[in-house]
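**Q** Supplied in structure tokens, the structure appears directly below.
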Amino acid sequence: MRFTILLAACLAATAAAQDKVAVGVVTSLTGPMAPPGKFQMNGFNLAAEEINGAGGIDVGGRKYLVELKVYDTRANPAEGASAMQRLTTVDKVPVVLGELHSGVAAAEAPVAQDYGVPLILTVPTGPNLTEQGNRFLFRVNASNDQLNLALADFVAGQGWAPLSFIAWNNDAGRGGVNGMKKLIGEAKTGYVGYFNVGDVDFSSHVSNIRAANARAVMLFMDEEPGSLAIKQIRDAGLKTQLIGTLAMGSDRFLKRLDAARLEGMVQYNAFPPNANTPRIRAFSERYKKKFGEEAHGFAAQSYDGLMLAAAAMRKAGTVTDGKALREALASLEHDGVIGRIKFDAKGQAHPPVYVTQWCANGTRRILYPEAFKADCGAG
Amino acid sequence: MAQALLEQVINGLMTGSVYVLVALGMVLIYGVMHVLNFAHGVLFMLGGYVCHFFFTRVTGSYVLSLLLSMVVLALVGLAVERGVFRPLQGNLRNQVIASLGLILAIENLVVALWGPNALQLRVASTETLVALGELRFPAHHLMIIGITAVCVALMFGFLKWSKLGTAIRATSQDRNAAMVVGIPVEKVDMATFCLGTALAALGGALVGPLFLVFPQMGDAPMVKGLAGILLGGMGSVPGAVVGGLIIGVTESVSTLFLPTDYRDSVAFAVMVLILLGRPQGLFGVRVRGEA
């Protein structure tokens with residue numbers, strides 16, 4: 001009994017000495033987006049650990065420890081909206097971060113606006129999200145439009161026209177193809193083939209690409225179909241230049257295939273984990289030490305998201321007022337791991353977008369932007 | 001163009017072969033028991049998973065895993081026949097509902113055991129390439145066509161000359177007459193189910209390495225196999241073979257002329273067209289009293 005009282009007293013003493021601020025997190029811990037969700041959580045956890053290790057966030061002379069209030073939205077819009085509702089009304093957090101799925105983010109954003117709590121997205125890429133005039137929505141990562149713009153800029157200098165496409169037969173795939181077509185021009189577009197989610201046989205696309213004499217093929221898809229499509233294209237003996245998406249520039253992707261099939265392929269990338277830039281190098285080392293694997297763009301973006309929220313609290317001088325935090329976020333400039341983050345009038349940041357290329361030995365080089373160009377092993 | 005056509009015909013024969021393996025099992029079961037087993041696609045998928053299990057965890061020999069997965073699925077087929085279809089015999093509606101229920105049960109069992117993510121099955125024959133002029137195919141592609149051809153030949157021989165095969169044919173022609181001449185029709189049911197699910201397992205285990213092993217991998221082959229059966233004629237074994245191949249080749253070749261997302265529509269449009277002209281299917285026999 002005496003021990004319990006003592007313990008309670010001790011706890012009360014530490015609690016009084018150390019204030020806490022709860023930050024909302026919406027992510028996927030289970031369901032189809034669970035693997036990328038893990039990268040996102042790694043980023044948040046690393047940032048929280050570093051903030052707390054340094055004594056907390058200094059707001060108006062008081063130090064606040066960060067506590068993450070995590071909800072699993074399972075790539076389900078209804079779950080996302082209700083988690084957001086809980087975070088704003090029951091948990092009363094001043095700011096919410098995360099999400100992976102653009103459709104779920106679209107369901108969460110109006111709740112953020114209704115309750116005046118900023119929502120900082122760190123992974124979803126759907127371009128429309130930041131076009132709704134929602135003043136409480138911010139996005140740290142580049143949208144599909146920004147990624148496409150960089151890729152089109154890179155491709156224009158390569159003489160790879162006509163450019164062919166294999167894409168998801170859904171919003172992401174068709175939107176991506178249409179966006180690229182607009183950027184490179186209809187005349188430079190070759191064969192365009194769509195496949196349904198769950199399709200595994202790309203042989204008909206392979207024949208058509210061969211028949212169209214395509215110089216380059218862009219694959220608008222994620223890891224699983226991507227690895228199948230690349231294997232089938234290379235096995236059929238096509239030497240076509242391959243162009244991939246975010247999901248195809250990681251060691252994880254290499255494990256699904258092999259260096260011989262990937263060699264020469266380029267893909268846009270939001271975060272080259274091995275780049276010889278001090279901010280990226282330092283982050284990658286800390287990440288590898290803590291999680292024992294190569295750093296991931298989703299982790300870097302999420303890490304920056306939480307650091308940004310902390311910076312906004314410092315600037316606004318509050319850990320409770322969502323509206324003040326929104327104003328602080330809107331005017332903040334933050335040097336993050338992914339680059340300088342400054343939100344435009346729509347709440348969209350403009351981090352650099354890279355194009356990396358696979359080397360023969362299974363490492364990657366950076367080809368774009370010009371300023372970050374680096375050889376094998378850097379991408 | 002000729003080259004693309006050749007490539008698509010070979011691809012079509014490969015996918016068609018897979019449809020044939022599914023269709024053969026379904027048509028045998030339909031012939032003997034007069035029930036369409038809609039769970040055949042998930043049994044196909046289970047075959048892929050069992051093969052993956054034996055290959056990665058137990059042996060490491062693909063051929064052995066293939067055979068083991070057929071054996072395991074034959075036993076599963078036995079259990080399904082004894083546990084689900086036999087108790088419901090004579091009640092077609094409940095049998096169909098039960099087979100739809102089996103889809104949910106087996107698919108979720110697989111997700112519970114192996115997780116929802118697709119698995120890779122890396123075998124040597126998918127890494128070896130065979131050149132045909134300028135075209136190249138993984139050896140596995142041609143292997144699927146070859147193994148299916150052998151299976152079909154064996155199946156014809158078995159049905160024609162073996163005692164059990166004759167009993168299966170007799171039962172599917174007239175169950176009562178078969179009983180009268182002393183054929184143990186319930187044993188025939190069991191044997192047919194084992195054979196059918198083993199063929200489905202073979203299909204799943206053959207396709208797995210080429211693509212991926214995942215919970216929905218049997219959906220398309222089941223539907224296309226069924227289309228093949230309808231096209232070839234309900235209850236006709238040669239019809240199932242020809243029907244499956246026609247569906248496979250037409251859908252592959254169509255992608256050279258039409259957008260690839262029309263692929264499935266083309267397969268079913270062909271089926272509808274043929275059935276309009278020949279409602280009993282290509283090899284089907286019109287039975288008096290049946291529509």
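All of the numbers you see were taken from the coordinates with simple rules; none came from a lab. For clarity, every value in this text was computed on a predicted model and none was experimentally measured. Don't worry about glycine lacking a Cβ; one is built from the backbone with ideal geometry, like all the others, and counts go over all protein chains shown.
**Q** So how many Å³ per residue does the convex hull of the Cα atoms of the stretch B:2-277 work out to?
**A** In the stretch B:2-277, the Cα hull volume divided by residue count equals 138 Å³.
**Q** Kindly provide log₁₀ I(q)/I(0) values, in the same order as q = 0.15, 0.23 Å⁻¹, from the Debye equation applied to equal alpha-carbon scatterers of the stretch B:31-101.
**A** Per q value, in the given order, log10 I(q)/I(0) is -0.55, -0.93.
**Q** Sorting B:Ile229, B:Ile246, A:Ile243, B:Ile147 on the 10 Å Cβ count, fewest up front, what's the list?
**A** B:Ile147, B:Ile246, A:Ile243, B:Ile229
**Q** Which percent of Cα pairs goes in each bin when the distances of chain A are cut into 10 angstrom slices starting at zero?
**A** 5, 23, 31, 23, 12, 4, 2, 0, 0
**Q** Return the distance in nm (one decimal) between the two label points of a simple spin-label model at B:Lys163 and A:Arg281, each offset 7 Å from Cα along Cα→Cβ.
**A** Inter-label distance under the simple model: 8.1 nm.
**Q** How high is the relative contact order of chain A, given as a whole-number percent (alpha carbon pairs under 8 Å, six or more residues apart)?
**A** 17 percent
**Q** Using DSSP, restrict attention to beta bridges with both residues in the protein assembly as shown and report what percent are antiparallel, rounded to the nearest 5.
**A** Percent antiparallel among DSSP bridges in the protein assembly as shown is about 35.
**Q** Right, next: Please label the shape of the stretch A:170-239 as rounded, prolate or oblate, based on the square roots a ≥ b ≥ c of the eigenvalues of the alpha-carbon gyration tensor (a/c under 1.5 means rounded; beyond that, a/b larger than b/c means prolate, else oblate).
**A** Cα axes put the stretch A:170-239 in the oblate bin.
**Q** Filter A:Lys315/A:Lys346; A:Lys92/A:Lys323; A:Lys38/A:Lys288; A:Lys38/A:Lys342; A:Lys38/A:Lys290 down to the pairs with a C-alpha to C-alpha distance above 18 Å, please.
**A** A:Lys315/A:Lys346; A:Lys38/A:Lys342
**Q** In whole Hz, what ³J(HN,Hα) sequence does the stretch A:178-188 give by Karplus (6.51, -1.76, 1.60; θ = phi - 60°), x for Gly and Pro?
**A** Computed from phi, the couplings for the stretch A:178-188 are 4, x, 5, 4, 5, 6, 9, x, 3, 5, 9 Hz.
**Q** In the stretch A:320-343, whose amide N lies under 17 Å from the spot 7 Å out along Cα-to-Cβ of A:Asp19? List them in ranges.
**A** A:320-325
**Q** Please work out the FRET efficiency for the pair B:Ile147 and B:Val111, using the Cβ-Cβ distance as r and a Förster radius of 30 Å; give the result to the nearest 0.05.
**A** 0.55
**Q** How much net charge surrounds A:Gln85 when only other residues with a Cβ under 11 Å from its Cβ are counted (Lys, Arg +1; Asp, Glu -1)?
**A** Combined, the nearby Lys, Arg, Asp and Glu give -3.
**Q** Another question, if that's okay. Against the globular-protein guess of 2.2 N^0.38 Å, express the Cα radius of gyration of the stretch A:55-146 as a ratio, rounded to two decimals.
**A** Working it through for the stretch A:55-146, the quotient is 1.12.
**Q** Further question: Specify which residue in the list B:Ser172, B:Cys51, B:Gln8 is farthest towards the positive end of the charge dipole of chain B, using unit charges on the beta carbon of Lys, Arg (+1) and Asp, Glu (-1), about the Cα centre.
**A** Highest projection toward the positive end goes to B:Ser172.
**Q** Regarding the stretch A:302-357, what whole-number volume in Å³ per residue does the convex hull of its Cα atoms give?
**A** With only Cα atoms used, the stretch A:302-357 gives 81 Å³ per residue.
**Q** Could you tell me the convex hull volume per residue, in Å³, taken over the Cα atoms of the protein assembly as shown?
**A** In the protein assembly as shown, the Cα convex hull volume per residue is 201 Å³.
**Q** How crowded by other chains is A:227-237, given as the mean number of beta carbons from other chains within 10 Å of each beta carbon?
**A** Across A:227-237, the average partner-chain Cβ count within 10 Å equals 4.
**Q** Given charges of +1 on the Cβ of Lys and Arg and -1 on the Cβ of Asp and Glu, with all other atoms neutral, how large is the dipole of the stretch B:2-277 about its Cα centre, in debye to the nearest 20?
**A** 640 debye
**Q** Let me ask something additional. About the Cα centre of the protein assembly as shown, how large is the charge dipole given +1 on each Lys and Arg Cβ and -1 on each Asp and Glu Cβ? Please answer in debye to the nearest 20.
**A** It comes to approximately 580 debye.
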